[in-house]
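Quick notes on the structure that follows.
The values are calculated or read from the model by the stated rules, or taken from the named source; none is laboratory data. As the structure is a computational prediction, the values presented were derived from the model and not from experiment. Every residue, glycine among them, receives a Cβ derived from its backbone with ideal geometry; neighbour counts consider all protein chains shown. Accessible surface is based on the protein model in full, side chains and every heavy atom, while ligands, DNA and RNA are left aside. Shrake-Rupley method; radii C 1.70, N 1.55, O 1.52, S 1.80 Å.
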Amino acid sequence: MIDLVRGRLVPAVLAATAVAASWPAVARADVDGAALLRMMGPHAKDAFAPRGAPGIGALVRLPAGVRAADVGLREAAPGIGRIYGSPATLLSFADAHPTLDLEVGPPLRLLLDSAGRYVGAAQAAVQGLDGTGAVVGVADTGIDVTHKDFIDATGHTRVAWLLDLSSPPRGKWPQLEQQFGTVDSSGNVVTGAVWDSDDIDALLASGQRGTLPQDEVGHGTLVASCAAGNGELGRSVYRGIAPKATIIAARIASAGSEDISNDDLLRGVAFLYDRADNGFPAGPMPIVVNLSIGSDFGPHDGTMAWEETLASYVGSSHPGHAMVAAAGNSGSIADTPVHQNVHVSQASTTRVPLLVQGVTTGGVEVWISMHQGASFQVGLEAPDGSTWIAPVSPNQQGAKNTGDYNAGIYNGSGSSGSPVPSASRGAVIVWQGQWPSGTYQITLTGGEGTADLYAVGTGDAASAGAVGFSYGVRESTINLPATNPAIIGVGCTINKSTWVSVSALKVGLAVPVLDATGGLAVLPPQSRDPVPGEPCWFSSAGPTLTGVAKPEIMAPGAAIIGALSAQAVPPASASIFTNPDCPTPPGKKPNELCQQIDATHGISFGTSFSSPVVAGAVAVLLQHDPTLTQDEVLAALQGGAHPLRGAAPFQDQAGPGEVDVLGAVRAADRNRTPETALPSRSTSWLTLGADAYLADGSTPLQGVVELRTAPDASGTPEPADGVGAGRLASYALVDGEAVDGAIQSLARRGPGVWMVTTQLPPGLGGSQLTVGVTLDGQDVVMPKTIPIAADTWDADYSGWVKGGCAVSATRAGDSLAGWAAALGVAIVLGARRVSGRVAGAGATRAMALPRARSRRCGPARA
């Protein structure tokens, strides 16, 4: 399931101051959720359904030539069917179709004014580029259609269509409700009310507003306003990027909930594209769909069926369709250490500590992605040192079931019932129920290779700080579905560091002081003022585990002021704007209103709100050219981007630049009518997709080359393009020496944007990789240099030196398992967890909590 970013949404800191199958068996294509459901036993529904949901959604990848209807399913995408029901219903289908695999997953979560100024929205609007004739589609917690930001100058709603999966069907649109609603085993629509603009207008005019769709969380309303809010017809500065775009919305969360099932997401997105294509008398309208939701659970390579289903709506065969998604808020290892990266040696056992709070009802799910060539046994040890599940060999499974919990490990896609897609390599550890608090050890042994681990909590364990690695890494924390290469992932930049709340309290962001790699720099923890334009410290970092550079674009997201749903006015308990940790000045009474700006506007922060800023820019592009494809939209966004307004400590977190509305329009024009314009080194730049290169050679390195002309008379550089064949070249140096064949490709993405891909042979750990691009043999961008290391920890805190031994530097926070006291007078939205780093020596590489890293010795690299 999916995550709306609250709770571990944004670790932001605020401070004052059924037919039997007859088809032949096919090779395993994807996840077998039936085995997971059986392993979870009585806890299955808790593990895979949002709270209060009547059932679980699953996807079924079908053999060639088999239609979803042939096996009693609905089609989610070509070659992928959809089923919804109780665990018993899903297991009954699995038993009747033993050659077809189910894919299930935990709930997704939400990924939680001046922004328009930084992306040029006001200048674009002056030229009539305001989203007119384009659609912004929002699948989220709902939308408050009564808010003035969504009512036009004639008093009519700007919401053309709305699907509410939290409400029973209305009956006016029975075909649509049957197609996109939740249907029980008898074929009856249980939830899924459909409204069109006439329905909404009639109730607005009648005064019966209480019967209109609701948004108690407020996330969807704010997201929609970031993209397309009209600022109350221009009377408010809190205006979206495309204030005259048409809006189609899908409420995909249950009442008062932030959890979203994959199944509801897919039906909601299908509704958005269907209505844009078929819901207007004048014919199809171009649409950009925004997804400010995501999950850390999955292979992070774009191969999950639900990601592929989303991606099927965009591409070269779908002109006028675009999709953007929040990159996620898992990039701060000082706040949310949900990710770990480690290289396992053949002769050692690596123990990866996972800190878990005990709960009464909850779940822990760990996805272990193995890089090319990696293979090892996976086990699980309890806090008391006992073995929960003995090491499980590749393509095998193991389990432990008690009266309190059910636990299991699937290692590889070849084991019966494995949830690992065959296109990926990895293992999954899950447990559900109740369990003791403490540090659990994930053991990796009996093989060699690099692995990335991602941990999420569900149920009671989804609360802030309940699950996290003792040591985390920032790299490769992009959330699903933004990990899919076909979906544009959006990262966050700082745009508003302070504001005045409705209770006249001046409030601001406080950024944790970090060291050079993103961990806590000092103890006790300290904070600093944010720098306008810098990447948000929590914004998830790339690349994906296949080396795709992410995020593709950055946009303002901390902090964003926009529409406040009437149902989410603080102190409403479900509201993202209700903050029990609001600072209390001396002599004042405590209140929870520091994120409320006025009666109709609130403020929040996260990639949740960066993504709709980009969606609004895409709506303007589609207004300008309704035939643009997803690839052309991406090329325009990157070709028109401007450099980040603030320094970016980490390339993998920063993306190639910040969105610029007019720049994107100019780049799109250049793509249609090419012009020759030579680049200038002073205005061009290179961004690498990773801050370290893995020494095993398993993962290519992408870089984005942004070529710009010298500034014109207005001071604005243009996309540089039309360079003759052979004049532009790239190079890769290892310790200053060229490596034959290291540059895999240098390819033009669009005007002013080129992609360079580098891959080195294994065995170069301890060296430095330099990547550059030349024009006529001279550097046209500043070259970038990164370390080559066994894993991220070796890159950040190298324990190896050529020809000898070394003791690495100590990182503050390594000695403190519970550092997460509030930073000064700060309030924290989201998880506050331990940060740390790897230590190891001898036969066991233990990732524990030492003050300093153990001495490790290694041979010199030849």
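Rolled with a 1.4 Å probe across the full set of protein chains, the surface gives Lys244 an accessible area near 130 Å².
With the convex hull built on the Cα atoms of the stretch 56-169, state its orientation-averaged projected area in nm². Each step should come with its number before you reach the end.
On the way: hull surface 47.4 nm².
The directionally averaged projection comes out at 11.9 nm².
Each residue was assigned an accessible area with a 1.4 Å probe, and for Asp149 the value is about 0 Å².
Given Lys244/Lys496; Lys148/Lys496; Lys506/Lys784; Lys148/Lys589; Lys172/Lys244, which pairs have Cα atoms separated by over 30 Å? Intermediate results must be reported in sequence, preceding the final value.
On the way: Lys244/Lys496 24 Å; Lys148/Lys496 23 Å; Lys506/Lys784 41 Å; Lys148/Lys589 32 Å; Lys172/Lys244 27 Å.
Long pairs (Cα-Cα over 30 Å): Lys506/Lys784; Lys148/Lys589.
Compactness of the stretch 407-555, taken as the C-alpha radius of gyration over 2.2 N^0.38 Å, stands at 1.30.
Relative to the 2.2 N^0.38 Å rule of thumb, the stretch 132-186 has a C-alpha radius of gyration ratio of 1.37.
Given all pairs of different Cα atoms, what value in angstroms does the Kirkwood hydrodynamic radius of the stretch 150-253 take?
On the way: mean 1/r = 0.0685 Å⁻¹.
One decimal place: 14.6 Å for the Kirkwood radius.
Look at the Cα gyration tensor of the stretch 226-325: its axes a ≥ b ≥ c give a/c of at least 1.5 with a/b at or below b/c, and that counts as oblate. Under 5 Å from the amide H of Val183 lie the amide H atoms of Val190, each residue being 5 or more positions distant or on a separate chain, with H modelled from the backbone and absent for Pro and chain starts.
Using a 1.4 angstrom probe with every protein chain in place, what is the largest-first accessible-area order of Glu675, Glu307? It would help to have the intermediate numbers written out before the result.
Working: Glu675 95, Glu307 0 Å².
So the residues, ranked largest to smallest area, are Glu675, Glu307.
Taking the square roots of 5 times each eigenvalue of the Cα gyration tensor of the stretch 542-686, largest first, gives ellipsoid semi-axes of 38, 19, 14 Å. For the stretch 359-450, the Cα-based Rg and Dmax, in that order, read 13.0, 39 Å.
Within the stretch 464-525, the proportion of Cα pairs with more than 18 Å between them is 65 percent. At the residue level, His156 shows approximately 90 square angstrom of accessible surface with a 1.4 angstrom probe and all protein chains present.
Please work out whether the stretch 609-650 counts as rounded, prolate or oblate from its C-alpha gyration tensor, where a ≥ b ≥ c are the square roots of the eigenvalues and a/c under 1.5 means rounded, while otherwise a/b larger than b/c means prolate and anything else oblate?
Numbers: a/c = 2.71, a/b = 1.92, b/c = 1.41.
The shape class here is prolate.
With only Cα atoms counted, the stretch 552-624 has Rg and Dmax values of 15.3, 54 Å. Descending by average beta-carbon neighbour count within 10 Å, the peptides 255-261, 655-661 line up as 655-661, 255-261, the highest first.
Rank these residues by their accessible area, most exposed first, probe 1.4 Å: His318, His343. Walk me through the intermediate numbers first.
Details: His318 60, His343 30 Å².
Result of the area sort, largest leading: His318, His343.
In terms of packing, defined here as the mean over residues of other Cβ atoms within 10 angstrom, the peptides 120-126, 538-544 line up highest first as 538-544, 120-126. For the stretch 269-405, the Kirkwood radius over C-alpha pairs fed into Stokes-Einstein at 20 °C and 1.002 mPa s yields D = 111 µm² per second. Projected onto their three principal axes, the Cα atoms of the stretch 719-762 cover extents of 35, 16, 15 Å, largest first. Percent of Cα pairs in the stretch 410-470 per distance bin of 5 Å, from zero to the largest separation: 4, 12, 22, 22, 19, 14, 6, 0.
Roughly how many debye, to the nearest 20, is the charge dipole of the stretch 582-733 about its Cα centre, given +1 on each Lys and Arg Cβ, -1 on each Asp and Glu Cβ, and no other charges?
On the way: 9 positive and 16 negative charges, 72 e Å.
Its charge dipole is roughly 340 debye.
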